[in-house]
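Trainee: Below is the structure I would like to discuss, written out as structure tokens.
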Amino acid sequence: FSPYYFFVRTGINFYPFSKSLERVGRTRTSTGFSLLIGSYRKVDYTTYYEDGYKTNPVLAGSLMWNIKEKFFLSDHIVITGAMELSVTPFLTFICPQIGVSIGF
């Protein structure tokens, strides 16, 4: 079961402890805001059909705030940890994230 149809996010990040985009240490902290817009499936529990409950697409949007930390294991391997919280509507979406990036 896929609970959503699509989500699109666009935003901007700030690096408060680094004045350039070049890496100067083993870690890098960033924070920023993004706009999340998408559509999810809302289940209509009023009527039951033979194949289950009917679902309707619902448009959703949120202003998100994030804080991220990147840990550079080498020049080509990065572990990223992040926490994203919705600002409006307040704390509707909370998304912890962890990722690994390998570049060549």
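Trainee: Specify the residue with the greatest mean-square fluctuation among Asn56, Asn13, Asn66, computed from a Gaussian network of the chain linking alpha-carbon atoms under 10 Å apart.
Mentor: Asn56
Trainee: Right, another one. Using the Karplus equation 6.51 cos²θ - 1.76 cosθ + 1.60 (θ = phi - 60°), what ³J(HN,Hα) coupling, rounded to whole Hz, does each residue of the range 86-94 give in order, writing x for Gly and Pro?
Mentor: Karplus values, whole Hz, x for Gly and Pro: 7, 8, 10, x, 5, 6, 6, 10, 10.
Trainee: Averaged per residue, what accessible surface does the chain expose to a 1.4 Å probe, in Å²?
Mentor: Working: 7870 Å² over 104 residues.
Computed with neighbouring chains in place, this is 76 Å² per residue.
Trainee: With r as the distance between the Cβ atoms of Leu63 and Thr27 and R0 = 22 Å, compute the FRET efficiency 1/(1 + (r/R0)^6) and round to 0.05. Walk me through the numbers before you get to the answer.
Mentor: Numbers: r = 27 Å, r/R0 = 1.22.
E between Thr27 and Leu63, to the nearest 0.05, is 0.25.
Trainee: Test of the criteria: in the range 1-60, which trypsin sites (Lys or Arg not before Pro) are in a DSSP loop and have at most 13 other Cβ atoms within 10 angstrom of their Cβ? Don't skip to the answer; put the middle values down first.
Mentor: On the way: sites: Arg9, Lys19, Arg23, Arg26, Arg28, Arg41, Lys42, Lys54; in loops: Lys19, Arg23, Arg26.
The qualifying sites are Lys19, Arg23, Arg26.
Trainee: Calculate, for Ser20 and Asp75, the FRET efficiency according to 1/(1 + (r/R0)^6) with r their C-beta to C-beta distance and R0 22 Å; round to the nearest 0.05. List each step's numbers first, then the result.
Mentor: On the way: r = 17 Å, r/R0 = 0.76.
Efficiency, from the Cβ-Cβ distance: 0.85.
Trainee: Can you give me the convex hull volume of the Cα atoms of the chain, divided per residue and expressed in Å³?
Mentor: Taking only Cα atoms, the chain has a hull volume of 129 Å³ per residue.
Trainee: Let me ask another. When the chain is modelled as a GNM with alpha-carbon springs shorter than 10 Å, which of Leu36, Leu85, Leu59 fluctuates the most?
Mentor: Comparing Leu36, Leu85, Leu59 in a Gaussian network model of the chain, the most mobile one is Leu59.
Trainee: Between Ile37 and Asp51, what is the label-point separation in nm under the 7 Å Cα-to-beta-carbon projection?
Mentor: Placing both labels 7 Å along Cα→Cβ, they lie 3.1 nm apart.
The values are calculated or read from the model by the stated rules, or taken from the named source; none is laboratory data. Quantities reported herein were computed from a predicted structural model and do not represent experimental measurements. Methodologically, a virtual Cβ is constructed for each residue, glycine included, from the backbone with ideal geometry; neighbour enumeration extends over all protein chains shown. Calculation scope for accessible area: heavy atoms of the full protein, side chains included, ligands and nucleic acids excluded. Shrake-Rupley method; radii C 1.70, N 1.55, O 1.52, S 1.80 Å.
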